[in-house]
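Bear in mind that the values in this text are calculations on the coordinates, not laboratory data. What you see is a predicted model; the values in this text were computed from it and never measured. Every residue, glycine among them, receives a Cβ derived from its backbone with ideal geometry; neighbour counts consider all protein chains shown.
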Amino acid sequence: MCEVTSDTSSIRSVAVIGSGLAGLTSAIMLGDSGHRVRVFEKSRGPGGRMASKRVTNGSADIGAQYFTSRNPGFTRFLDRWAGKDSYGIWNARFGFQSPERGWLAFPDEHRFVGMPRMTAITRALSAHVELDAGVRIARMSRDGLQWRLTDFDGKEYTGFDQVVITAPPAQAQDLLESSGLHEFADRLAAHSGNMLPCWAVAAHFADPVQGRFDAMRPASEALFWLANNSSKPGREGAGQWWVLHATPEWTQHRLDDSPDLVARALMAEFAKLTGHQGQATDWVAHRWLYARSDAGDNPGCLYDVSLGIGVAGDWLAGGRVEGAWESANQLIRAMAPDGC
Ligand SMILES: Cc1cc2nc3c(=O)[nH]c(=O)nc-3n(C[C@H](O)[C@H](O)[C@H](O)COP(=O)(O)OP(=O)(O)OC[C@H]3O[C@@H](n4cnc5c(N)ncnc54)[C@H](O)[C@@H]3O)c2cc1C
């Protein structure tokens, strides 16, 4: 396996934009090689799409539901930097609905989740980096050989030899466009169109929902996924929190609907699918404009040596959590002057 080249002879100053898994992985790997790294995140905290929302009696994972680790290097990285107690195996019953053959079980596989919530992993990772949260970078400009970043409040951050962008493709493209880097931005255009939206709802039921599965992919026009969040390890509290994800097509037609309308429609579909009679006692809804990539093209990462700008993210490496980590690994190797 290719390892990152340590190049402590030429310490670089690097700005990382975004603190999802790709941004945090990039920052940790660069820092571990001795470089000076500063991470900028537009939201109040780290995590990106590995998101959890605070709800009564705990939290619900409204973004990534679980992740796999087909490359053992991924769990080794998590063990070292996030800690073994920040995540665990979700031993649940997973099923999908085949229109012809009814409900079937998904094949067995280790499926991991953050503990006690998905954001536990990115919180733990972020302890190893210098993070400026609540800072949305608007553009980049060059001072000689170095990069200056400007945020949407006009505040400037200077002196970076390299920049790593880990925003979803449409946002990364906007950033490159507004920095006058049109050719680079054009390379992201096809990827931007491949990101699918998703309405997510977390709903609380006082009585347990009965059924054969804890997590389901139904054959439904409205619901793409439903899962008992309370069946994940470390989630305690009365009743059950269920997470419902709408299909991209259903979401696309309801992008501007109110969260209330969306939640009621998805909960009605949930009742139909599970036969559960109880009304939800509480709920929250969240709209993801860029949830998942359905790109067939997986270059791994993008790096322009002459500019010193790299782009990483799940959408460049097959989508999903592990793809975000793989993409960051590939980019950091590409950025090392000695290669590997
Ligand atoms: C509803 C949903 C369900 C999913 N289910 C699964 C699943 O079950 N399994 C799985 O493996 N994956 C799943 N995924 C995908 C998974 O969440 C992603 O693959 C992964 O989290 C992407 O990480 P990332 O670091 O590439 O991007 P992100 O997590 O999107 O991180 C990008 C970060 O950049 C920040 N940012 C953007 N622009 C700027 C700017 N200008 N300045 C500063 N910061 C900026 C954003 O706020 C964000 O924090 C799901 C995603 C969603 C939304």
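A few notes on this one:
- In the chain, the DSSP beta bridges split such that about 70 percent are antiparallel, to the nearest 5.
- Evaluating 6.51 cos²θ - 1.76 cosθ + 1.60 at θ = phi - 60° for every residue in segment 238-254, the Karplus couplings come out as 6, x, 10, 9, 10, 10, 10, 10, 7, 5, x, 5, 4, 4, 3, 6, 10 Hz, glycine and proline recorded as x.
- Using 0.36 nm per residue and subtracting the Cα-Cα separation, the extra length available between ARG101 and SER141 on full extension is 8.7 nm.
- In a reduced charge model with +1 at each Lys and Arg Cβ and -1 at each Asp and Glu Cβ, segment 31-94 shows a dipole moment near 180 debye about its Cα centre.
- From phi via Karplus (6.51, -1.76, 1.60), per-residue ³J(HN,Hα) for segment 255-271 in Hz, x at Gly/Pro: 4, 9, 5, 6, x, 4, 4, 5, 4, 5, 5, 6, 5, 5, 5, 4, 4
- One chain, two ends: LEU289 and ASP257. Fully extended at 0.36 nm per residue, the span grows by 10.2 nm beyond their Cα-Cα distance.
- Under-5 Å amide H pairs with ASP132, H placed in peptide plane, nonlocal only: VAL39, PHE40, GLU41
- Amide proton proximity set for PHE224, modelled H, under 5 Å, gap of 5+: HIS245, ALA246, THR247
- Protection proxy ranking for 80-92, 61-73, 313-325, using the average of other Cβ atoms within 10 Å per residue and placing the highest first: 313-325, 61-73, 80-92.
- Dipole of the chain computed with +1 at Lys/Arg Cβ and -1 at Asp/Glu Cβ about the Cα centre; of SER306, PRO169, SER220, farthest Cα towards the positive end is SER220.
- By the count of neighbouring beta-carbon atoms within 10 Å, fewest first, ASP256, ASP151 end up ordered ASP256, ASP151.
- Value of relative contact order over segment 68-227, rounded to a whole percent, pairs C-alpha under 8 Å and six or more apart: 21 percent
- The 3J(HN,Hα) values that the Karplus relation (6.51, -1.76, 1.60; θ = phi - 60°) gives for segment 183-189 are, in residue order, 5, 5, 4, 4, 5, 9, 4 Hz. Gly and Pro appear as x.
- Electrostatic bookkeeping for ALA222 treats Lys and Arg as +1 and Asp and Glu as -1; over the other residues with beta carbon under 11 Å from its beta carbon, the sum is -1.
- Loop sites in segment 209-259: GluC sites (Glu not before Pro), DSSP, at most 10 other Cβ within 10 Å: GLU236
- Other-chain or far-sequence residues with amide H under 5 Å of ALA219's (modelled H): GLN97
- Of the trypsin sites (Lys or Arg not before Pro) found in segment 194-262, those in coil by DSSP whose Cβ has at most 15 other Cβ atoms within 10 Å are ARG212.
- Helical content of the chain, expressed as a calculated mean residue ellipticity at 222 nm, amounts to -7500 deg cm²/dmol (DSSP H runs of 4 or more residues, -39,500 (n - 2.57) each, divided by residue number, nearest 500).
- Distance in nm between pseudo-label sites at ASN71 and ALA190 (7 Å out along the Cβ direction from Cα): 2.2 nm
- Net charge of Cβ neighbours under 14 Å - reference TRP90; Lys, Arg +1; Asp, Glu -1: +1
- Highest-fluctuation residue, PRO299, PRO99, PRO233 considered, GNM on the chain with Cα pairs under 10 Å: PRO99
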